[in-house]
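The values are calculated or read from the model by the stated rules, or taken from the named source; none is laboratory data. For clarity, every value in this text was computed on a predicted model and none was experimentally measured. Here Cβ is always computed from backbone atoms with ideal geometry, including for glycine, and neighbour counts include all displayed protein chains.
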Amino acid sequence: MDNERCPSGINGFDDLCEGGFVRNSVNCLIGGPGSGKTIFLLQFLHNGAMMFKESGVYISFEEDVLELYKDGQKMGWNLEDLDKSNNVKIVKISPYTTVSELKKELTFLTARCKYVREI
């Protein structure tokens with residue numbers, strides 16, 4: 001496996017992970033409600049766009065896009081502008097979406113972004 005790293009830009013996290021996530025790896029964030037999973041991922045996407053000029057996609061099965069914008073705004077991140085400029089795509093998809101529908105949606109979303117931040 002290639003050990004090229006995808007830095008998060010999150011203070012302290014990249015040090016713990018030897019420079020960030022291993023690029024092209026699958027990672028799972030696990031935690032209870034309020035543990036910071038959503039904020040971590042929003043910060044990862046924001047930092048990717050602002051610090052590393054990489055775009056990314058956030059797919060929510062529960063939270064509305066406007067609520068995610070508000071969460072980011074509380075942290076000083078204008079995710080709505082990043083979304084409108086196709087640097088970050090934030091979408092809500094039904095949890096009942098089939099795998100083939102999800103695959104089509106991902107193909108469409110990644111085509112709209114210049115480059116999708118891969119970890």
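Quick rundown of the values:
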read-out: Counted residues, the stretch 10-47 - those being touching a Leu at 6+ places or on another chain (Cβ under 9 Å) and closer than 15 Å to residue 60 by Cβ; value: 7
read-out: Failed criterion for residue 45 (all others in (1) surrounded by 12 or more Cβ atoms within 10 Å (Cβ to Cβ); (2) modelled with pLDDT under 90; (3) hydrophobic (A, V, I, L, M, F, W, C) hold); value: (2)
read-out: Residues of the stretch 14-25 that turn out to be free of Cβ contacts under 8 Å to residues at least 12 places away in the same chain and more than 14 Å from residue 48 (Cα to Cα), as a count; value: 2
read-out: Answer from 39, 90 - the residue that is under 26 Å from residue 107 (Cα atoms), β-branched (Val, Ile, Thr) and either modelled with pLDDT of 95 or more or in a helix (DSSP H, G or I) (or both); value: 39
read-out: Restricting the stretch 50-62 to residues that are surrounded by 14 or more Cβ atoms within 10 Å (Cβ to Cβ) and not aliphatic (A, V, I, L, M), the residue that is nearest to residue 9 (Cα to Cα); value: 52
read-out: Candidate set: the stretch 74-99, residues that are free of Cβ contacts under 8 Å to residues at least 24 places away in the same chain and under 25 Å from residue 20 (Cβ atoms); chosen: the one nearest to the chain's Cα centre (by Cα); value: 83
read-out: Identity of the residue in the stretch 1-33, of a type in the set (D, E, K, R) and not in a loop (DSSP other than H, G, I, E, B), that ends up nearest to residue 43 (Cα to Cα); value: 14
read-out: Residue that is surrounded by the fewest Cβ atoms within 10 Å (Cβ to Cβ), among those in the stretch 23-34 that are within 17 Å of the chain's Cα centre (by Cα) and at pLDDT 90 or above; value: 30
